[in-house]
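Every number here is computed from the coordinates shown, using simple stated rules; none is lab data. Quantities reported herein were computed from a predicted structural model and do not represent experimental measurements. Note that we place each Cβ from the backbone using ideal geometry, even for glycine, and neighbour counts take in every protein chain shown.
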Amino acid sequence: MSSEVRLAFAHPSERAIATAGDGPVDRISLRDHIVEVEIGAFQAERGTTQRICFNIVVEVQAIIGQIDDDVDRILSYDRVTEAIAAELAAERLNLLETLAERIAERILLEPQALRAFVRIEKLDRGPGALGVEIVRSRDDLRDLPQDAATESPHPRVVYLSNAAIVSEHIGAWIDQLSAQPAPLILCVGLPDGPRPEVAHRLAQRRIDLLSIEQNGWVLSSKDDRCKVVSTRTELDWAMKNDQVCVWAPSKIVLDAVDGPEADLTDGVDLTAWFAAEMGARELVIVGADLPDGANVTIRAAGIGKSVL
């Protein structure tokens with residue numbers, strides 16, 4: 001028992017040695033790599049950064065024969081730090097567990113990698129280090145769902161003005177758009193009428209996002225095919241299963257590493273940012289002016305019988 005407890009708090013390299021199989025393996029390690037980043041599920045962890053410490057050990061296939069001082073024959077340390085940087089840049093995360101899983105998976109996609117020991121600790125949340133450690137192997141990648149590594153679909157994103165939401169043609173538009181060869185995501189802006197206004201910028205941002213989501217629920221009430229969706233995982237599933245989505249923006253906007261520069265009171269600009277983030281094949285604006293400088297193919301549609 002004392003040995004197990006010691007190993008639990010030992011460096012991942014010691015755990016790797018203690019749990020190694022019979023065959024020869026080599027190991028590379030990253031020790032005490034500290035990055036300052038915004039992460040965490042608590043409200044106090046939003047809008048501020050904290051220090052995160054990474055200790056990673058990767059077991060790699062032993063090189064047979066002469067290395068010949070050839071960097072292409074080994075797994076570079078840069079691949080480990082790049083895996084960390086890539087996952088931190090992908091989106092703001094709540095859980096260290098999620099970050100560890102994603103880093104381990106990215107490392108194990110390298111052809112030389114066999115097992116990855118990933119320990120991540122928060123250094124600023126208390127008097128000690130708070131963290132998580134996981135062990136994953138190449139075999140764990142084979143257990144992922146078959147569609148886990150497939151490319152996400154490229155949706156058609158449609159912004160509906162408030163006038164469009166209450167149009168008698170809304171059902172016909174959804175018929176037309178959902179019949180096209182691309183998943184359909186509907187977006188809205190702020191509802192008409194007053195909403196709470198406060199002097200605190202972050203609080204007002206939350207209020208505006210929630211108001212947009214309320215408007216999304218109004219849209220969903222117009223047609224039973226419309227499902228309000230808030231996370232990228234839900235969106236990916238819905239697109240692959242031909243579900244018509246109404247985007248609830250709070251989580252994706254608040255979790256974005258490089259969030260939208262648009263004022264949230266401008267629903268069209270916010271939707272243009274979202275369409276670019278989703279790799280949309282097209283953004284259709286119904287009943288509103290086109291945005292400036294959108295990084296996606298875009299067209300306007302009037303509030304008539306057809307939006308195609």
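Laid out as a table, the results:
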| item | result |
| --- | --- |
| Computed Kirkwood radius, in angstrom, where 1/r is averaged over Cα pairs of the range 156-301 | 15.3 |
| Order of 271, 81 - criterion: other Cβ atoms within 10 Å of each residue's Cβ, fewest first | 81, 271 |
| Sequence-distant residues sharing a close amide H with residue 131 (under 5 Å, placed H) | 122 |
| Residues 159, 77 arranged by fewest to most Cβ contacts within 10 Å | 77, 159 |
| FRET efficiency for residue 237 and residue 137, using Cβ-Cβ distance with R0 set to 22 Å, rounded to 0.05 | 0.25 |
| Ranked 202, 190, 160, criterion: other C-beta atoms within 10 Å, fewest first | 202, 190, 160 |
| For residue 262, residues with placed amide H under 5 Å, excluding near neighbours | none |
| Hz values of 3J(HN,Hα) by residue in the range 170-183 - Karplus curve (6.51, -1.76, 1.60), Gly and Pro given as x | 4, x, 5, 4, 5, 4, 5, 6, 6, 7, 7, x, 6, x |
| Simple spin-label estimate for residue 201 and residue 34 in nanometres, 7 Å along Cα-Cβ | 2.8 |
| Spread of Cα-to-Cα distances over 5 Å intervals beginning at zero, given as percent, for the range 82-194 | 2, 9, 13, 13, 12, 8, 9, 11, 9, 8, 5, 1, 0 |
